[in-house]
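Note sheet for the following structure.
Each value in this text was obtained by applying a stated rule to the coordinates, not by laboratory testing. All of these numbers come straight from a predicted model, not from anything done at the bench. Cβ: placed from backbone, ideal geometry, glycine included. Neighbour counts: every protein chain shown.
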Amino acid sequence: MATTGRASEMPVCQHEGNKADLRSARLSEPGPLSLGRWPHDAGRGWTFLLLLISVLFLGLPGSSAAEKRERSGETNRGKRADIARDHVRRHHLKLGLEFQDVEDMERRDHDSEHNSTTHTNLRQRVGGIVINGANMGLAVDRNGAVFGRWNDFVPRARLKINRREPDLSVLEALASAALQLGLPVPEKISILAQTPGPQLKTNLSGGNLSRNSIPAKLVYQPLLDRTVLSNSHRRSTKLRLAWDLVIRTLDGRHWWNLQIDAENGDLLGRVDWISRETYRAFAPAPILSPDDGPHALVSLPNIIGSPHPSPQGWHDSDGLPGPEYTDTRGNNVHAQEDADSNDTGGFRPDGGPGLVFDFPFDSNLEPSSYQAASVTNLFYWNNVAHDLFYVYGFDEASGNFQLNTYGRGGIGGDPVVADAQDGGGLNNAQFGSPPDGFAGVMEMFLFSAPVRLQILSPPSIAGFYQASTAEFGPAPPDIPLEEDVVEALDAADGLGPSTLDGCSAFLNASSVLGKIALIDRGDCNFTNKVANAQAAGAIGVIIVNNAGDSLLTMGGTDPSITIPSLFIGQTHGAMLRAELPSLRASISALPMRDGAFDAGIIVHEYGHGVTNRLTGGAAEASCLSATQSASMGEGWSDFFSLFVGAELGDIGADPRGMGTYSLGQPESGNGIRSQPYSTDMAVNTATLADIETALAPHGTGEVWAASLWEVYWQLVNAYGFDSDIFAGYTGSGGGNLALQLVMDGLKLQSCNPTFIEARDAILSAEANLTNEANRCLVWRGFAKRGLGANASVSENPANVTATEDFTLPIDCSEFCADGAVALSEECDDENLLDLDGCSSTCRIEESYLFQGIAQGGTVEFVVDGVTIPIVTLAGETPSDVALKMANAIGADITLNGLGVLAHAVGDSVVVSGNLTSTVITDLGLTCGDGLLAPIEQCDDANLVDLDGCSSTCRVETSYVFQGVAQGGTVEFVVEGEIITISTVAGETAADVALKMAAAIESNLILNALGVLAQGSGNSIIVAGAISSTTISDPGLAPPLPFSDWLGPFTALLLLVSGTSWLIPSQRRHNGLPNP
């Protein structure tokens, strides 16, 4: 039986009458019989009784299992998987994707039986080729509701691919992979099988490379476009066609999954499926010490690029697969403990065949209890330093430290020999850097036990206070030394003009007896002060800095001193003195600290090897021996440590000390320097003139490090921060650029350079690398610390006379990113970043948001008086149009000369110029602006579906299916297109609604017209006109009036009693006109 019905039209939300329409829509939904709507006429009460009797005899219509399932809301697992796929396609715009991005997907489903949930994982494809890492996951519950969605798809993927066919064959790609992994030249490799199709799935024999056969296929490998700054990595991704290979090496140590560029053979990505070479360390960067993060198991840094700094890992020495060592030795470093300082090679922990170096560390114990962890940490960070500096140019040919140079140049035979807990010193570290071919030697010493000064009373100032200790006398005891604090008084005489400096015999010795003496710094040696306190009977001494809050290690030698002494800052000293005589304190010490757990110091020491070999060439080891150059050697090493410790969220003004962990100080403390590094001149005051008075080489080196830190932050502020320090400089990341310029400058400067010559070498490196695009930024960093255009130093590097200058070269007096808006600039936000309101050309950025789907036409922008027209094609998305307009603006020579830039960001185009006019003749792009265009059926100022006006500005209509299918067909006529589906016995109304929605969505003509369809419960909602519906499935036909299904007898009774008013009500229910 064929039945024709009429679809109900869902009104646009801005129209009146919504409540009435929605009410009638609710009445049209099937539900239980509602006796409450019957008339309450006492004269017809007997009719109600007869009706109840009829129901008892005849019964209500039965419910099939399918109907029960429909009412319970449970959806079968096959449908749940389809719901997930359809959900993604319907909501692609909300996911920031185009329909083409979700049109071609690889799908995998699995069910969780315990909660009736289907989990769907999707992989994005372009032209049938999978995009590596472009995955999406979502779950569908028992009722068909989608939840738990995550999305890593690449937007506009088809526009980001570089090619569709490979230049390299699979065998050529395999040969390239073998070369870059250091494997033998492939032999006896044959194609075992190849499946036709876009991915050219191939199975190769293992030959002399792999234990197993080698599967290969084409994929698109995402690469972050570092020339594009975006808040979303997905939006700044290039897609390179690559051969995806899997090689399990013959020794079984590696199971490589590689991506080899199908055009040029470059290694684009690699992952080892076998977990190897793991180290429990305080790492990775920016975790440099126990103060920064956990003692965690970490593996080698993921370095993409060729040649790889350590192609066979860190335990190799012959260049062939497989380690030669399972302890802390390898091609780059040999690490061991050297507590006896005999330099003959001490204890080395062994990681076993799996190279797992997992050893405990407990800071509450003495260092000798965790030697294995110490040597492991030292080995790890020396290798990190080797690989990091390699990326920036300290390679074999440049004279780096390697046992085997793998035929890449250099001499070899010179890995770093690194000694942990070396007994040859205390509170220090050192690096010996001979010429290329001789091993460098790093010695990491222990640091005196961090001291603890605790004020016990009065309660108002109780707590722990920072303090440092002395090189003389005993260390503070492990068990706290607790006593009252008494101010020492002495004569103001020639030994010391103050009565509080303790430079002569105490006048209040009886008060000091058995107490902790409080003494001011100044006018005599620390040893004299403590000796006088000891002579007066003091059991301990607190010395207060009289020249600021800096903490220093008190120097001097006096074997007769037997009491501990501490040093505190001036501010804290004033607080303590104000509470006398009611002050009580305790002095104690923690276990000694191990410098091998302070990676900032490790990188600093390794840096000496870098700067010594790059300055003047690796064959010369004395090119940083003069006073100025040796000072800068310390400064370069401090800069390297600062670079490794920087992290996202830091700002230049943050104070950062050197070696703070080893001294038991916070990161903002001075550490082993006179002041922390900071771009805030109030925090770090170093300028060029200070080299005349500071102690060389460390004090004078602070000036150079502070200058390099200023340059670093000028470039980070201009270009942003790249947290991948191993990426090298690839066009973005100001910090990486700064390190590259410093490394390049080292190679350009003369032997024993002066401060000015080293500065000029970095400027030359910048001109060579970035063609002076950043010249003024570099100058600005140097000038801030007195190394400006007119600065000068002694031409003799052994002298430290200097004339500082803070001026910039004339051509840098005004430049984009200097923070001051010049006459030639519209804005200046002190950076060279685009998409932040002020462009890298210092033009104000304006944006235009496209909406809708193009139907074909033109878009015309007028920018800075230049007309830029583009032609739009039917089906193009807003992001397509934005990208097309951005490219057109970028290609205009006139605008280019005016500094006008354009970027496509999602559906918007951002223009750094004056956008004075926009004319759009493509009516498909006007949807959602709230203005009803001639081509639009509605426009409610949004692009939201299911609100009466669709995201394509078409009025949404709905149709409610009822019953359970018995088998047949359903035919809709939508916008003149006939859409027919077949129904299967047992399908619910909701199943049929979903099936019809999918059929409408897959129709290309309707898709081009902007017609959308979605199943919602038993209804289908269509963004388009449903002009006809024909249902030939008797199970889905509209239900009969009550007079049919209550039986002839009941119908007769009802008619006789005058209840024929039910019929027009039922007609309204069916959407049919009343008689």
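Extents of the stretch 170-272, taken as max minus min of Cα coordinates on every principal axis and listed largest first, are 46, 32, 20 Å. The mean sequence distance of close C-alpha pairs (under 8 Å, at least 6 residues apart), as a share of the length of the chain, puts its relative contact order at 9 percent. A straight chain from Ala296 to Ser510 at 0.36 nm per residue would run longer than the Cα-Cα distance by 71.6 nm.
Modelled spin labels at Ser723 and Thr894, positioned 7 Å past Cα toward Cβ, are 4.5 nm from each other. Charge dipole of the stretch 299-366 (Cα centre as origin; +1 on each Lys and Arg Cβ, -1 on each Asp and Glu Cβ, all else neutral): 380 debye, rounded to the nearest 20.
Among residues other than Ala621 with Cβ under 14 Å from its Cβ, the summed charge is -2 (Lys and Arg +1, Asp and Glu -1). Potential lengthening of the chain between Ser750 and Ala193 amounts to 194.5 nm, from the contour at 0.36 nm per residue minus the alpha-carbon distance.
Protection proxy ranking, highest mean first, for peptides 89-99, 277-287: 277-287, 89-99, where packing is the per-residue count of other beta-carbon atoms within 10 Å, averaged. Under a model in which nothing but the beta-carbon of Lys, Arg (+1) and Asp, Glu (-1) is charged, the chain shows a dipole of about 4680 debye around its Cα centre. Once the dipole of the stretch 162-216 is set up with Lys and Arg at +1 and Asp and Glu at -1 on Cβ about the Cα centre, which of Leu204, Ala173, Ile189 lies farthest towards its positive end? The listed residue farthest towards the positive side: Leu204. Within the stretch 285-447, antiparallel bridges make up roughly 40 percent of the DSSP beta bridges whose residues both belong there. Computed from the Kirkwood radius of its Cα pairs, the Stokes-Einstein diffusion coefficient for the stretch 285-447 at 4 °C and 1.567 mPa s stands at 80 µm²/s.
Within the straight-line cut-off of under 25 Å between alpha carbons, the lysines reachable from Lys529 are Lys515, sequence neighbours fewer than 8 places apart in one chain being disregarded. Can you work out the base-10 log of I(q)/I(0) for the stretch 71-159 at q = 0.16, 0.18 1/Å, using the Debye formula on its C-alpha atoms alone? Values, matching the q order: -0.59, -0.73.
Which of the pairs Lys238/Lys747; Lys217/Lys884; Lys160/Lys995; Lys79/Lys201; Lys94/Lys884; Lys201/Lys995 have their Cα atoms more than 23 Å apart in this structure? Pairs exceeding 23 Å: Lys238/Lys747; Lys217/Lys884; Lys160/Lys995; Lys79/Lys201; Lys201/Lys995. Under the membrane-span-like helix rule (DSSP H runs whose alpha carbons stretch at least 15 Å along the helix axis, mean Kyte-Doolittle hydropathy 0.5 or higher), the chain yields 45-58, 170-181, 734-748, 878-891, 989-1001. Applying 1/(1 + (r/R0)^6) with R0 = 22 Å to the Cβ-Cβ distance of Asn546 and Ala696 gives a FRET efficiency near 0.35.
To the nearest 0.05, what FRET efficiency results for Ala689 and Ala491 with a Förster distance of 35 Å applied to their C-beta separation? Result of the calculation: an efficiency of 0.40.
Once both labels are modelled 7 Å past Cα along the beta-carbon direction, what's the Ser306-Arg142 spacing in nm? Going by the 7 Å Cα→Cβ label model, 5.5 nm.
When every Cα-Cα distance of the stretch 673-809 is counted in 10 angstrom steps from zero, the calculated P(r) takes the values 13, 43, 35, 9, 0 percent. Which part of the stretch 984-1006 falls in the paramagnetic zone of Arg107, meaning amide N under 15 Å from the point 7 Å along Cα-to-beta-carbon? Backbone N within reach: 994-1002.
For the chain, the antiparallel share of DSSP beta bridges with both residues in that region comes to about 80%. Placing +1 on the Cβ of every Lys and Arg and -1 on the Cβ of every Asp and Glu, with nothing else charged, gives the stretch 285-447 a dipole about its Cα centre of roughly 400 debye. Within the stretch 384-410, name every residue whose backbone N is under 17 Å away from a label modeled 7 Å from Cα of Asp318 along the Cβ vector. Only 403-407 fall inside the zone, counting backbone N under 17 Å. Adding -39500 (n - 2.57) for every DSSP H run of four residues or longer, then dividing by how many residues the chain holds, sets the calculated 222 nm ellipticity at -7500 deg cm²/dmol.
Positive-end ranking of Cys751, Phe447, Ala505 along the dipole of the chain, with charges on Cβ about the Cα centre, is headed by Phe447.
Average projection, convex hull of the Cα set of the stretch 451-589: 7.1 square nanometres. Extension gain for the segment Ser457 to Leu159, taken as residue separation times 0.36 nm less the Cα-Cα distance, is 100.2 nm to one decimal. Using the alpha carbons alone, the radius of gyration of the stretch 855-975 stands to its Kirkwood radius in an Rg to Rh ratio of 1.17.
Computed across the stretch 845-925, the Kirkwood radius stands at 12.2 Å (inverse of mean 1/r, all Cα pairs). The Cα-based radius of gyration and maximum Cα-Cα distance (Dmax) for the chain are 39.3, 132 Å. If you plug the beta carbon distance of Asp829 and Asp650 into 1/(1 + (r/R0)^6) with R0 = 22 Å, you get a FRET efficiency near 0.70. From the alpha carbon centroid of the stretch 168-201 to that of the stretch 747-825 is 51 Å.
What residue among Asn799, Val541, Thr326 has its Cα farthest toward the positive end of the dipole of the chain, where the charges are +1 on Lys, Arg and -1 on Asp, Glu, each on the Cβ? Farthest towards the positive end: Thr326.
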